[in-house]
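Reviewing the structure listed below.
The values are calculated or read from the model by the stated rules, or taken from the named source; none is laboratory data. Nothing here was measured: the structure is a model prediction, and the numbers come from that model. Positions of Cβ are generated from backbone atoms using ideal geometry, with glycine treated the same way; all protein chains shown enter the neighbour counts.
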Amino acid sequence: MPFTEIPGCKLFYKKLGTGSPSLLFVHGGFCDHRDWQFQVEALQDSFTVVTIDQRCHGSSVAAYDSCTVEQFATDVHDVIDALELGPTIVIGHSLGARVTIQAAADRPQHLLGAVLLDGSRLTTGKSQEDVERVEAQRLGEDPSKYLASRFESMFFENADAGLKARIFDTAVRTPHAAIEAIARATGLWDALGLDVALGTVPPTVSVLAIQSTFHDHKTERLSLSPETKTTPWLDHLRQYLPQLEVAIVPGVGHFNMLEAPDQISAAIRQFAEKLRNGRTASQEISPSPQVK
């Protein structure tokens, strides 16, 4: 299996295709690189496609106490450097969307564009102590039970049973210490890091948000309908990112890249081809297209 040694982590990756720009896919929390299987198949004919297991996920090895969104983002840049990817579009799902925002804030010159799949903000708070208290209450005495309940809410009645079982199996294998570390990292960044990062992303980084559900600390996860034009999460992104483009992919759950693979791959391809041709996405992607 291919690994690259980056500071503090032996990181697993797969690299296919040879086209430009490079597409670097970043999975969500408690998942792995397999979540992007359909996008790899669809896009490797035209682009260099890289999937990774984030540190403390899948086959990648690192200390649990190194898990922060900021470190995950640094890993993204280390992979871009190590694999000499050149101009890169980073595509992140869920936790990976957070990592993508942070990566765009840290080293925008590395990123040709950023794609945020089904992002959200789940934790608020004014201090580290507030956040850690909230996360401890959520996890309770059995982090695996909490995780199973959380993942159950990510799927709706029309979800494929085999797909759901595979996602669940990967998640529940996560050691308790890793669950606690990743949940803490996500909560701290949502509460204290998100707005700082968004305020640092320059308008030179094209950003596409592909949204299928809405969920926050007050709202149970909802599947978006074809009539949906925006959500509180998308409105929050727009406050900081005037260049933001949005595609709504309705009628599926949180894992839209697996439940609606053709639509997601097509949206990513369109975004990447426009950037490859030297045009900003905003010149040709309508403000809120319905990808069906």
Of the residues 248, 285, which single one is modelled with pLDDT of 95 or more and of a type in the set (Val, Ile, Thr)?
248
Residues (of a type outside the set (D, E, K, R) and either surrounded by fewer than 22 Cβ atoms within 10 Å (Cβ to Cβ) or not in a loop (DSSP other than H, G, I, E, B) (or both)) located in region 30-42
33, 36, 37, 38, 39, 40, 42
I'm told residue 18 meets every condition in (1) farther than 19 Å from residue 171 by Cα; (2) modelled with pLDDT of 95 or more except one. Can you identify the failing condition by its number?
(2)
Positions within region 93-128 being buried (at least 24 other Cβ atoms within 10 Å of the Cβ), outside any helix (DSSP H, G or I) and touching a Leu at 6+ places or on another chain (Cβ under 6 Å), in sequence order
93, 113, 115
Scope region 69-86; condition touching a Lys or Arg at 6+ places or on another chain (Cβ under 9 Å) and in a loop (DSSP other than H, G, I, E, B); matching residues:
83, 85
With (1) surrounded by 15 or more Cβ atoms within 10 Å (Cβ to Cβ); (2) modelled with pLDDT of 95 or more as the list, and residue 131 as the residue in question, which single condition is left unmet?
(2)
Log entry, pairs with first residue in region 192-218 being without any contact (Cβ under 8 Å) to a residue 60 or more places away in the chain, second being part of a loop (DSSP other than H, G, I, E, B), beta carbons closer than 7 Å, six or more apart or on different chains, reads 203/242; 203/243
Consider residue 184 carefully, then state whether it is in contact with an Asp or Glu (Cβ under 6 Å, 6 or more places away or on another chain) and either free of Cβ contacts under 8 Å to residues at least 40 places away in the same chain or closer than 17 Å to residue 68 by Cβ (or both).
yes
When restricted to 65, 45, the only residue touching a residue at least 40 places away in the same chain (Cβ under 8 Å), surrounded by fewer than 19 Cβ atoms within 10 Å (Cβ to Cβ) and either acidic (Asp, Glu) or farther than 28 Å from residue 253 by Cα (or both) is 65
Tally the residues that are of a type in the set (Phe, Trp, Tyr) and at pLDDT below 95, restricting the search to region 169-192.
0
Filter region 193-236 down to the residues that are buried (at least 16 other Cβ atoms within 10 Å of the Cβ), over 24 Å from residue 261 (Cα atoms) and at pLDDT 95 or above and list them by number.
193, 194, 197, 198, 201, 205, 236
Determine whether region 229-238 contains at least one residue that is out of contact with any Cys (no Cβ under 8 Å at 6 or more places or on another chain), among the aromatic types (Phe, Trp, Tyr) and assigned to a helix (DSSP H, G or I).
yes
Test residue 22 against the criterion of being small (Gly, Ala, Ser), out of contact with any strand residue (DSSP E or B) (no Cβ under 6 Å at 6 or more places or on another chain) and crowded, with 22+ Cβ neighbours inside 10 Å, and give yes or no.
no
For region 134-163, which positions are more than 23 Å from residue 216 (Cβ to Cβ) and either free of Cβ contacts under 8 Å to residues at least 40 places away in the same chain or under 18 Å from the mean Cα position of the chain (by Cα) (or both)?
141, 142, 144, 161, 162
Within the bounds of region 166-185, is there any residue that is of a type in the set (Asp, Glu), outside any loop (DSSP other than H, G, I, E, B) and touching a Pro at 6+ places or on another chain (Cβ under 7 Å)?
yes
